[in-house]
1. Pick from Met293, Met63, Met111: which is most flexible by mean-square fluctuation in a GNM of the chain where alpha carbon atoms under 10 Å apart are linked?
2. Can you give the Kirkwood hydrodynamic radius for region 162-240, in Å, rounded to one decimal and based on Cα pairs?
3. Can you give me the distance in nm between label points at Asp231 and Asn47, each placed 7 Å from the Cα along the Cα-to-Cβ direction?
4. Please compute the per residue accessible area over the chain with all protein chains in place, 1.4 Å probe, rounded to a whole number of Å².
5. In region 39-130, with Lys and Arg counted as +1 and Asp and Glu as -1 at Cβ, which of these residues, Ser54, Phe95, Gly44, has the Cα nearest the positive end of the dipole, that is, farthest along it?
6. Amide H to amide H, which residues 5 or more places from Arg232 or on other chains are under 5 Å from it, using H placed in the peptide plane?
7. Hey, if you drop one equal point scatterer on each alpha-carbon of the chain and run the Debye formula without solvent, what base-10 log of I(q)/I(0) do you get at q = 0.08, 0.13, 0.14 Å⁻¹?
8. Please list, short to long, the whole-number percent of alpha-carbon pairs of region 10-107 in consecutive 10 angstrom bins beginning at zero.
Amino acid sequence: MAINVRKIEIKSVSDASGLDEWIQSGEVGADEIVAVIGKTEGNGGVNDFTRILSDEAFRRVLMNRGTRSEADVKEIPMVWSGGCDGVITPHAVAFARDTQTGPEDADRLVMGTAMSEVLLPEDIGRLAMVEKVAEGVKLAMADAGIEDAADVHYVQTKTPLLTVETVQDAHSRGQTVACEVHDSMGVSNGTTALGIAVALGEIEMPKQEDICRNLDLYSAVASCSSGVELDRAQIVLFGNKKGAGGRYRIGHAVMKDALHMDGIYDAIRDAGLELPERARAEDLGNRLVNCFMKCEADPTARLRGRRQIMLDDSDVHHHRHSKAAVGGIAAAAIGDPAVFVSVDAMHQGPKGGGPVIAIIDMES
């Protein structure tokens, strides 16, 4: 079945009216919604309640408009990234499966999901997590019907991080943990990205000492998030497959650094939209649905030879600096501030840069 895609602006902290309007238009049924990925306006930290509010609002619409049980609606993958620093507009991208058909010789967007084995607190930041995530990614590929890893262009994950309680649980069983609680978000994201890279053949299995240290190892399609609400890796995988039907296609590239706007256009080209060599937002027409990207402050504190101070700023965390900067560049590139930009990008794209994923409408 084909995948239908819609970008939906979030007009207030618990608004899901755009999803409701899409369903009421008759273009899509509530029971066809299979995933949501979005940006909310909170602080992006562990205590960011706006992610919970958006999650509840979107699931409430699906309960009110559809026939699925509450348990089934709770199983729908929804990945919320908090923090709309700078010009980023809160929004969501909803994915639906429908009966659209397309040419058998044209590759179009497909999606697969999977859950990994349980990730114990002592797994986070260690090879056990890499291995469990890699196996989960292979399951998601199979669910999408993708056999060649080269056809995978986006793997969005949500994984557990450490809390005081889970650390105490590990210690009670005679186990140790790899990092402090406040470092575990980045460590969980980075270890997950290595698992994705291993599954897709981007890298060989790393050594323990490589995890969160050897930043030359990365995935070009990983976008990893973590939270306290689950104990396994939730994996949502997107790629292209011939005969999938529908109107949408996906591609990816990387931003080599925070100023590499051409990386955004390269992802859009990879998705199938022809652009001039010196592209501008006006060249996209109405063909781009959205871009999804990860970013991180360069650990060398340099950008194209110039000194950067975001890693030294005691007032504003460097995540917020980098998200706002890259969000502004992305908004200028595509002509739309509703763009998905997430931080904690360790092992997700080159250091100081990050992956860029683009979904375009092939028939708009």
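1. Met63
2. That comes to 13.9 Å for region 162-240.
3. Roughly 2.6 nm, to one decimal.
4. Working: 15540 Å² over 364 residues.
Each residue of the chain exposes 43 Å² on average to a 1.4 Å probe.
5. Final value for the positive-end residue is Ser54.
6. The list, which skips near neighbours in sequence, is Leu119.
7. Treating every Cα as an identical point scatterer, log10 I(q)/I(0) equals -0.36, -1.01, -1.19.
8. 15, 44, 27, 12, 1
The values are calculated or read from the model by the stated rules, or taken from the named source; none is laboratory data. Small disclaimer: the values here were computed from a predicted structure and weren't measured. Ideal geometry is used to build each Cβ from the backbone, glycine not excepted, and the neighbour counts take in all protein chains shown. SASA here: full protein model, heavy atoms, side chains in, ligands and nucleic acids out. Shrake-Rupley method; radii C 1.70, N 1.55, O 1.52, S 1.80 Å.
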